[in-house]
Each structure stands twice: as structure tokens, then as C-alpha cells.
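Report on one structure; see the data block that follows.
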Ligand SMILES: Nc1ncnc2c1ncn2[C@@H]1O[C@H](COP(=O)(O)OP(=O)(O)OP(=O)(O)O)[C@@H](O)[C@H]1O
Ligand SMILES: [Mg+2]
């Protein structure tokens, strides 16, 4: 038997006991009333007998007859006892049947309340009486009606919520696709268009001035290189954003390794030894922000070195992502560019983690991103 079942059984036992209590209370009260009344009658007649002594020849009245009869105290006591017994038995029968009907009604109400507790709110308590118990049953019935209505509106809210979440997810997916399409168009497609134009013009320029052709060729090569970088960054965006069962440290190390193989001219430094195991949600959020930071460095900075380091600072984890590339003006970037979400979403994610992102960057002097995350006790 489970703990909950034991509790229910104990409760039922208690309820039964208290109901038995009502029945026995009624019988006990009835017994006390009869015994007290009998004793009072006996004492009253003793007093009457001493005040109204029967004198022979005196006119016979009911009171005189009674007192005469009561002159023999034994007989009188016997009579009182018989009357008391009759009262007791009739009282017991009456109170027992009354108590039983009371007990049944209360037991019915308790049983129905139990059913409500278990979720059968459709049932109604029916009481064949016209007293306070009926009022109690009516009140409980009204309460369950209200409860039912509340449950209906709560479920409606839940369903609406689920629909909203679904729509929001769909919207987020669409938004992501729109952004990718825009990036592919703005960055890669336009760059490739420029490349094809340059290549188309190259034979003529070569005929006219081989020196100019050389410059154009170099420029075209740069454009191809840039387009390639953009494509790689976009592909990184398309990577699954979950850690795929890895810890943050493992996932970041393998990502850096992958980047190293694709960008052999770049130096990558990665030291995440200090990253402790964290909750899955926290690790995934951090993975996303680091992915975006790396993607930005590769897309916009044209760096020769990218470093990723982790430090423990008291109860905080500090992750620093640094590149020695182009850098940018942090004050103006948000105002100048609309439709760029990377930096703002990184900041939002850090706030959600209870942490903070500091961006230090100056044009021509590289960029340093500092991610600070508070660690919870079990980490
Ligand atoms: N490491 C970096 N080096 C140089 N410039 C950067 C760097 N990180 C960000 N920037 C500049 O800040 C701008 C905003 O970056 P943000 O990540 O918000 O947008 P985005 O990368 O252009 O687009 P997306 O919304 O796809 O991330 C970039 O366009 C770029 O000019
Ligand atoms: Mg970005």
C-alpha cells in the first residue's frame, strides 16, 4: 500500500469515528436528559409529599392521590424507574434513527467531497432534507460549478498559450530563413555578381594594360576570398544550435578545431579548462553566444588570431573571446545597422543567464567580448 493510500485510509477511519461520535453523542445526551428528569421528578414528589400530607377524609384530588401513592417510596421509585426506562427506550429509538439519517447525509457529503478532490466535478451532492445540511450541500455544489468554469477557462488559456508558442516558433523559423536569404543575397550573391563583372572585364583590361589587369585580378581574388568567408560564417549559423550531447567545453573545442582546418592562415587559441560542468540550458545559451561571437569575428574582422579563454572569478565564470581584426565603433554600430541581431541577441541571452556581456572594440584595434556568468552552488 502506498503512503498516499495509507493516509486516505486513516482519514476515512477518522471520519467514520467522528460520525459514530455524533450517533453516540445523541444517545448519551438522551440518557442524561432522562436520568436528570427522573431524579428531578423523584425529588419534586418527595417535596410535595412533605408539604401535602394525606389526611383521611380530605377531598380527593389528583395531587393528593399521587402523594398518597408516593407515600410508599419504594413503589414510587419503582414507578419512576419504569417511566424512565420507557422514555429511554423510545428516546433511543428516535435519536438513533435521527442520528443515523444525519450520519448518512454527512457520510454522503464527505464521499462526494472526496470525489470532487479526485476530479469528478460533474457529480452533484443531493440531500433529501431541508435544513442547514441541505444549505451546505447547495453551497458545495455552487463551489464546484465555479471550479468547473475556472478549469474550462484555464484549459482555454493553456490551449491558446500552446498555439501562441507554436506560432512564435513558426515565426522564429520564418524569420531565421528570411535573414539567411537576405544575408545570402547581400553578402554572397552581390559579391559573386561583382566577381563575374570583374572577370568579364578582365580580358579587355589585360589587352589595354597588364598592370591594371593585375590589380583587378587581385581585387577579384579578394572578393572571392571574402565571399568564401561569408559563406563559411553562414554555414556556421546553419549548424545545429544544440550541443548534440557534448559539454560546452567539448563542443567549443571541436568547433575551434573545425575552424582551424578551414582557416589554415588563422591562429586559434582555445583554453576552456576552467569551464565547470553546468546545466544543459546554460551551456546551450553560452554555446550560442560564443558561436555568434566567432561568426562575427570571421565575417567582419578579418583577423589573424582568435583567442578563447575561460577564467573562474569567485562565483563567476568569465569567458573571453578576442580577435585582432578590424574592430568597430561600439557606440555607433547599433544605430547604424538595422536588422542585425547578433550583438543584441548575445546581450539578451547573457541577461537571461543572469550574466553580462562587455564588448571592448575600437576600429583597427580588434574586438574583445567578455562573457560573465554567475555559477550556481552545485557547479
Ligand atoms: N568581431 C567583430 N569585428 C569587427 N566588427 C564586428 C565584430 N562583431 C561585430 N561587428 C560589427 O558589428 C555589426 C553588428 O554585428 P551583429 O552581430 O549584431 O550583426 P551582423 O553580424 O551584421 O548580422 P547578424 O544579425 O547575422 O549577426 C556587424 O555588422 C559588424 O559591423
Ligand atoms: Mg553577427
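The values are calculated or read from the model by the stated rules, or taken from the named source; none is laboratory data. Predicted model only: the values in this text are computed from it and were never measured. Cβ placement follows ideal geometry from the backbone for every residue including glycine, while neighbour counts extend to all protein chains displayed.
Looking only at the range 299-325, filter to residues that are touching a strand residue (DSSP E or B) at 6+ places or on another chain (Cβ under 8 Å) and within 14 Å of ligand 2 (Cβ to nearest atom); which one of those is nearest to residue 365 (Cα to Cα)?
Among them, the one singled out is 325.
This table checks each residue for (1) more than 19 Å from residue 235 (Cα to Cα); (2) loosely packed, with under 15 Cβ neighbours inside 10 Å; (3) within 12 Å of ligand 2 (Cβ to nearest atom).
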position: 342; (1), (2), (3): no, no, yes
position: 357; (1), (2), (3): yes, no, no
position: 369; (1), (2), (3): yes, no, yes
position: 372; (1), (2), (3): yes, no, no
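Could you pull out the residue among 376, 338 that is more than 16 Å from ligand 2 (Cβ to nearest atom) and either modelled with pLDDT of 90 or more or outside any helix (DSSP H, G or I) (or both)?
That would be 376, the only listed residue that is more than 16 Å from ligand 2 (Cβ to nearest atom) and either modelled with pLDDT of 90 or more or outside any helix (DSSP H, G or I) (or both).
So that you can scan it fast, the table gives a plain yes or no per residue for (1) in contact with a strand residue (DSSP E or B) (Cβ under 8 Å, 6 or more places away or on another chain); (2) surrounded by 12 or more Cβ atoms within 10 Å (Cβ to Cβ); (3) without any contact (Cβ under 8 Å) to a residue 60 or more places away in the chain:
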position	(1), (2), (3)
190	no, yes, yes
213	no, yes, yes
233	no, yes, no
245	no, no, yes
259	yes, yes, yes
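Can you tell me how many residues within the range 202-221 are within 21 Å of residue 191 (Cα to Cα) and either touching a helix residue (DSSP H, G or I) at 6+ places or on another chain (Cβ under 8 Å) or not in a helix (DSSP H, G or I) (or both)?
The qualifying residues number 8.
Answer with yes or no whether residue 285 is more than 12 Å from ligand 2 (Cβ to nearest atom), buried (at least 17 other Cβ atoms within 10 Å of the Cβ) and part of a helix (DSSP H, G or I).
yes
Name the single residue, out of those in the range 291-320 being part of a loop (DSSP other than H, G, I, E, B) and surrounded by fewer than 18 Cβ atoms within 10 Å (Cβ to Cβ), that is nearest to ligand 1 (Cβ to nearest atom).
Only one residue tops the list, namely 302.
Which one of these does residue 263 not meet: (1) buried (at least 19 other Cβ atoms within 10 Å of the Cβ); (2) at pLDDT below 90; (3) over 16 Å from residue 359 (Cβ atoms)?
(1)
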